[in-house]
Amino acid sequence: MIIDSIINMIYNEIKILSEVPHFNYFKQYISCIDIHDSELIDFIDEEYNKIDKEFVKDAALFASMDIPRDTRIEKDEFEAYILYLILMSIYQDKYVKEYRINTSFLKLEGKSRPDTFIGVIIFNDNTEIDITCKPVNKYGYNRKLKVIIDNIVEKNVPIPYHIDINDFIILEQCDPIRASIDYMIDVYKDLINQFKSINKFYWVTFFTYKDIGKSRHVKGRYFLYNFDSLVINNDKKYSYKTQINRIVEVLKEIYGNNKGTSIVSDFLASETDNYDIFDNCISLLMQLKIE
């Protein structure tokens, strides 16, 4: 069977990469796939000619990054993961690389994940922003993500530039935060304010310094801009305090363990874990003057 052959080729190309903390995309992707779905299998069989050596190489690289090293992976799980990658690759061929959006111009330049393009939007005044572009199709995780994004937009959660058009979710990919330029207290305030809104509805289950940044479109504002890890906030593993603690941990990686982060850490240790913690923390930050 052609699918079995493709799966075996990818498996033989996987190389174990260095272990670093990362979001469990493997679990996320296999949750979208039923390997016994005859319609899905028939769709792949009809389109398999689009699968080439370049796909096998890319799929092996993603599998090397995504598959957890500390967990036994069942054969059915690996098959579901590879089917997801195959489906996303097939759908990729259905999209053009350039779009006109009202008076703006969208250009797709590559892929950062199997279901995520990267590119730029060029506005009519010739300014541009980097974006991630997530196609929404029948089988992908992005169907679930679109519900999340639509909900947080409807609830006026602060997010950077966002638009959905032609079955795409388009989000600004903010610029990296630079400790020498970006004032740490402003970054803290913006992120805690954003999480205050997000946490009414969702937990952010994983993010790193690569998932936060400075917006070009909303000048002078800092955001979490990767929403892949959001889950409905009924998981008792998370709390308001753990969300803010994670912000502190991530900003320590950028700014180091200085007076500002120590003050916020001490504040969190003494606070009761309820929703008021966000406003109390923002009030504290507004009083700080850290050089």
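Once phi is turned into ³J(HN,Hα) by the Karplus curve 6.51 cos²θ - 1.76 cosθ + 1.60 with θ = phi - 60°, what whole-Hz value does each residue of the range 79-91 show in order, with x for glycine and proline?
4, 4, 4, 5, 4, 4, 4, 4, 4, 5, 5, 4, 5
Give the lysines reachable from Lys138 as a straight Cα distance under 16 Å; neighbours fewer than 8 places away on the same chain don't count.
Lys94, Lys146
Let me check the size of the range 2-92 from its C-alpha atoms; what are the radius of gyration and Dmax in Å?
Using the Cα atoms of the range 2-92, the pair Rg, Dmax is 12.7, 38 Å.
Quick one: Cα centre-to-centre distance for the range 202-238 and the range 52-82, in angstrom?
Distance between centres, Cα-based: 26 Å.
Name the trypsin sites (Lys or Arg not before Pro) in the range 23-72 that are in a loop by DSSP and that have at most 11 other C-beta atoms within 10 Å, would you?
Answer in residue order: Arg69, Arg72.
Starting from the exponent 0.38 and prefactor 2.2 Å, build the expected Rg for the range 172-291 from its residue count and divide its actual Cα Rg by it.
Numbers: Rg = 13.5 Å, N = 120, 2.2 N^0.38 = 13.6 Å.
Output field value: 1.00.
If Lys and Arg each add +1 and Asp and Glu each add -1, what is the summed charge of the other residues whose beta carbon sits under 15 Å from the beta carbon of Cys32?
Details: positive: Lys27, Arg113, Lys134, Lys138, Arg143, Lys144, Lys146; negative: Asp34, Asp37, Glu39, Asp66, Asp76, Glu77, Glu79, Asp115, Asp228.
That works out to -2.
Using the count of nearby Cβ atoms within 10 Å as a rough guide to exposure, how do Met65, Met88 rank from fewest to most? Write out the running numbers ahead of the final one.
On the way: Met65 14, Met88 24.
So the ranking, lowest neighbour count to highest, is Met65, Met88.
What Kirkwood hydrodynamic radius, in Å, does the chain give when the mean of 1/r is taken over all pairs of distinct Cα atoms and then inverted?
20.8 Å is the Kirkwood radius here.
Using a basic spin-label model with each label point 7 Å from the Cα along Cα→Cβ, how many nm lie between Arg178 and Asn257?
My value for the distance between the label points is 2.8 nm.
Per residue of the chain, what 222 nm ellipticity follows from adding -39500 (n - 2.57) for every DSSP H run with n ≥ 4, rounded to the nearest 500?
Counting only the DSSP helices, I get -14000 deg cm²/dmol.
Read-outs throughout are calculated quantities, based only on the coordinates presented, and are distinct from any laboratory measurement. No experiment lies behind these values; they were computed from the predicted model shown. All Cβ positions, even for glycine, are placed from backbone atoms using ideal geometry, and neighbour counts span all protein chains on display.
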